[in-house]
């Protein structure tokens, strides 16, 4: 059976017929899926606020209060980052949640996250890190192997944390690990970045933001927030389509250009399947060309349809944990070719073993 | 000359004869002494620091000696904690 | 697995546990008025908590106990003997991390003649001891662990739960009020020895009556010291309570304004004491 949270996200009007017992389950699933505040905004945007009984409303309002304070902190943090990097006079491109927030996107409503992600030209990585260090951010101490892992294979520097505020920033030079087959040409992303009217920052183009969100969800294997991330894609796709009638053609062309066809396929396929995202008929036919072969797809359907549900024990079937684990392993498989991956995993395994004993 | 102004997201409260200020952007709560209170009140409209200093001189006559040193450090602190904003003035020719 | 449905203050709790010591302590220390049944409960619970062994193995070998917040594990397991205090601490954690529609301040709250007194301070300052003593001398208990402030009215909402006494306080309160009902003593916890005092009937019967705050006191127990009550500047009181609040930072402007109003309407003091009778006599004479 479809979890109640997904039922309500796809058909918000349903809440008019829920018992308090149903609400109990809905709030619990939404809380653990990190979608409690967003659930409130979805109901609000559908004019349904008055239909929420007081007991669940208190939890939704609490989550929204938390999310609002998060926005305050985020705004302050963006200012601090801008101040630290101002003198470099290079475009700082904010990614994912921070970008949605700066743009006032509907996908920013109720979205709480822990790291700010920025993208810069690889040549400027060093000076950006140095400037952040001067302004109080520091990297955790790391052994030579981990340093090498990040510097040689990853698409980001080791994460930095501000010593006073405790906030984290990840400085990227690409949106996928350089060892990933699908890793796009970063220069193409930078070339289409847009300056934002507020807060003096830059963001990726509309299509690139969505493609980034898609490759993050379907390549990186962190599925604890899987449904939240899928909901991001659903909202981003709908928002973009509303603003620009040519959007669907643009993103198909862009996926071809960047070599991210497969990620776009998964985004549209699972958004449509799980969250009933409206995708025009003509577009439907075109993106089907990006699908993997039907055996792979059948297997992934089994896994993703299990993994992309609320992370709550009432939704877990006997395969849920396995599905999340398998997709995590798959993400490593995609991250780097086997001749790099195997030694890496063995090394990590040995290290965990020795530190535990 | 840089103009200073009060961050819109600052609340100031008088309580028990003292003053408190809260900045919702940085989340900081601070106790204000009479001089910092006056500075924040003045910055309801943008001013540069020399104008502020001139006004403070007339109001806190007994402390004129230390005022300029105090003002500089107070302004730096208040900017760092988000209570006041430094704007670069646009010179219209 | 037994299900215990509780209504504490503004919150309803669905507690599941197969563990006898937890069931017995909860039934002994919570007033019967606070228990719900499936027919009296409305079907919605604010918190779903389970206290259980972390694994089958841990039932027999070095037994441990785990706190489940609706299936999630916010803490590492504790020794089995601490199962009941784990429930109390876990419930505090649930409220402190999930509730942002009230201002929550780490403090004890008692009431007399319709006015509430907030006792706030760092752990070890002696607020629970003083709170337990006061409620055995005519004050009503609103809460031992947190002040729950209604953001619309700024009144304090009772959340009548067992009062947690630590170390020497347990014996002090036993001597001070020989009739009190104390639960089991739990040794070697993170807070030392812990025992819980059952709230009196007066507090239980008035558990739905909110009160306006009149006094804010930061107590400090100092062995052998003379009693000193010193006025605390209100600006300082706001900073102290903000520091002791669980969710002030999240409530932002709303929290600041609410706290300012609360403090503005109250007399604020620092209290140094060593003798409970002296402290109680002094607090009985506070200005109204």
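Coordinate-derived values only; no laboratory data. No experiment lies behind these values; they were computed from the predicted model shown. Glycine also receives a Cβ, built like all others from the backbone with ideal geometry; neighbour counts cover every protein chain displayed.
Of all beta bridges that DSSP places with both ends in chain A, some 60 percent have antiparallel geometry.
Semi-axes of the equivalent ellipsoid of the range A:130-238 are 25, 19, 16 Å, computed as sqrt(5λ) over the eigenvalues of the C-alpha gyration tensor in descending order. Mean separation of Cα pairs under 8 Å and 6 or more residues apart, divided by the residue count, gives chain A a relative contact order of 17 percent.
The range A:187-243 and the range A:35-71 have Cα centres separated by 24 Å.
Solvent-free Debye calculation, one equal scatterer per alpha-carbon of chain C: log10 I(q)/I(0) at 0.10 Å⁻¹ equals -0.53. When A:140, A:155, C:196 are arranged by Cβ crowding within 10 Å, least crowded first, meaning fewest neighbours, the order is A:140, A:155, C:196. Over the C-alpha atoms of the protein assembly as shown, the Rg to Rh ratio, Rh being the Kirkwood estimate, stands at 0.99.
Ordered by the count of other Cβ atoms within 10 Å of each Cβ, fewest first, A:218, C:176 give C:176, A:218. The alpha carbon centroids of the range B:28-93 and the range C:79-113 are separated by 43 Å. Kirkwood analysis of the Cα pair distances in the range A:1-102 returns a hydrodynamic radius of 15.5 Å. The Cα atoms of the range A:63-122 cover 37, 18, 18 Å along the three principal axes, with the biggest extent listed first. Calculated over chain B, the projected area of the Cα convex hull averaged across directions stands at 6.5 nm².
The DSSP beta bridges internal to the protein assembly as shown are antiparallel in roughly 75% of cases. When DSSP beta bridges are restricted to pairs lying wholly in chain C, around 75% turn out antiparallel. Only Cα pairs under 8 Å and 6+ residues apart enter the sum, and on that basis the relative contact order of the range C:122-242 stands at 28 percent.
Its alpha carbons considered, the range C:108-236 gives a radius of gyration followed by a Dmax of 14.7, 42 Å.
Going by how many other Cβ atoms sit within 10 Å of their own, how do A:232, A:244, A:115 line up, fewest first?
Values: A:232 28, A:244 14, A:115 17.
Taking fewest neighbouring Cβ atoms as first place, the list is A:244, A:115, A:232.
Comparing A:245, A:56, A:278 in a Gaussian network model of chain A (Cα springs below 10 Å), the most mobile by mean-square fluctuation is A:245.
Relative contact order, percent, of the range A:218-326 when contacts are C-alpha pairs under 8 Å separated by at least 6 residues? Write out the running numbers ahead of the final one.
Numbers: 74 pairs, mean separation 35.9, N = 109.
After rounding, I find 33 percent.
So what is the diffusion coefficient of chain A in µm² per second by Stokes-Einstein at 25 °C and 0.890 mPa s, using a Kirkwood Rh over Cα pairs? Intermediate results must be reported in sequence, preceding the final value.
Working: Rh = 21.6 Å.
Taking Rh from Cα pairs, D becomes 113 µm²/s.
Note on the range C:231-288: Kirkwood radius taken over Cα pairs, Stokes-Einstein applied at 10 °C and 1.306 mPa s, translational D equal to 123 µm² s⁻¹.
Distance between Cα centroids, the range C:224-288 to the range C:168-216: provide it in whole Å. The distance from the Cα centre of the range C:224-288 to that of the range C:168-216 comes to 20 Å. For the range C:184-235, the calculated P(r) over all alpha carbon pairs, in 5 Å bins from 0 to the bin holding the longest distance, is 4, 11, 11, 11, 17, 19, 21, 5, 0 percent. Considering only A:46, A:225, A:174, the Gaussian network model of chain A with Cα springs below 10 Å gives its largest mean-square fluctuation to A:46. Considering only A:221, A:282, A:97, the mean-square fluctuation computed in a Gaussian network model of chain A, springs between alpha carbons under 10 angstrom, is largest for A:282.
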